[in-house]
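Accompanying notes for the structure given below.
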Amino acid sequence: MVHRKLSFAALGRERQAGPSCYAKRDVLHSPVAPRANRIAVNLPAVMIAADGHETSVIIRDLSSAGFRLEHQDDLFVGDLITLVIAKGERVAATVQWSLGNEAGGRFASPSELSGGRPD
């Protein structure tokens, strides 16, 4: 069995100094859309899982498209949840990422939590 090392040149990428190891041209052509502007908040809420289980969470940042929250339950990418804030407002969302006791999600529609304004 022959093992080959792949170099950046073999991958068609240029090496550069700094936090990114790829040239800016790779970043500029990324298929990932830029994130909506987020505001830092400290908003207590109740998270309701698809099975009806309720737990307290703290929403840490917020935009018209999504949120980041702290939780104590197991959350997985793709989980459908409902967030209920103190005013009783309910917002449907899907978990996009989860790491430790933090998770981020995308609202099913533009959120009234951030005033529903586009970013």
Next on the checklist: Exactly one condition in (1) at pLDDT 95 or above; (2) among the hydroxyl-bearing types (Ser, Thr, Tyr); (3) surrounded by fewer than 12 Cβ atoms within 10 Å (Cβ to Cβ) is false for Ser30; which is it?
Outcome noted: (1)
Next on the checklist: Could you tell me how many of the residues in region 63-85 are loosely packed, with under 15 Cβ neighbours inside 10 Å and under 19 Å from Pro110 (Cα atoms)?
Outcome noted: 2
Checklist outcome for this item: Reported set for region 82-119 where residues are of a type in the set (A, V, I, L, M), part of a loop (DSSP other than H, G, I, E, B) and either modelled with pLDDT of 90 or more or more than 20 Å from Asn37 (Cα to Cα) (or both) is Ala86, Ala108
Next on the checklist: For region 12-25, check the following and say yes or no: at least one residue is modelled with pLDDT of 90 or more, at negative phi, surrounded by 10 or more Cβ atoms within 10 Å (Cβ to Cβ) and of a type in the set (Ser, Thr, Tyr).
Outcome noted: no
Next on the checklist: I'd like to know if region 49-62 contains one or more residues that are under 15 Å from Arg106 (Cα atoms), among the β-branched types (Val, Ile, Thr), at pLDDT 95 or above and assigned to a loop (DSSP other than H, G, I, E, B).
Outcome noted: no
Item to check | The listed residue being modelled with pLDDT under 95 and in contact with a strand residue (DSSP E or B) (Cβ under 6 Å, 6 or more places away or on another chain), out of Asp79, Asp73 | outcome: Asp73
Checklist entry - Would you pick out the residues in region 79-92 that are among the hydrophobic types (A, V, I, L, M, F, W, C) and over 16 Å from Leu43 (Cα atoms)? => result Leu80, Ile81, Ala92
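The values are calculated or read from the model by the stated rules, or taken from the named source; none is laboratory data. Since the model is a prediction, treat every value here as computed from it, not as a measurement. With ideal geometry, Cβ positions are generated from the backbone for all residues, glycine too; neighbour counts draw on all protein chains shown.
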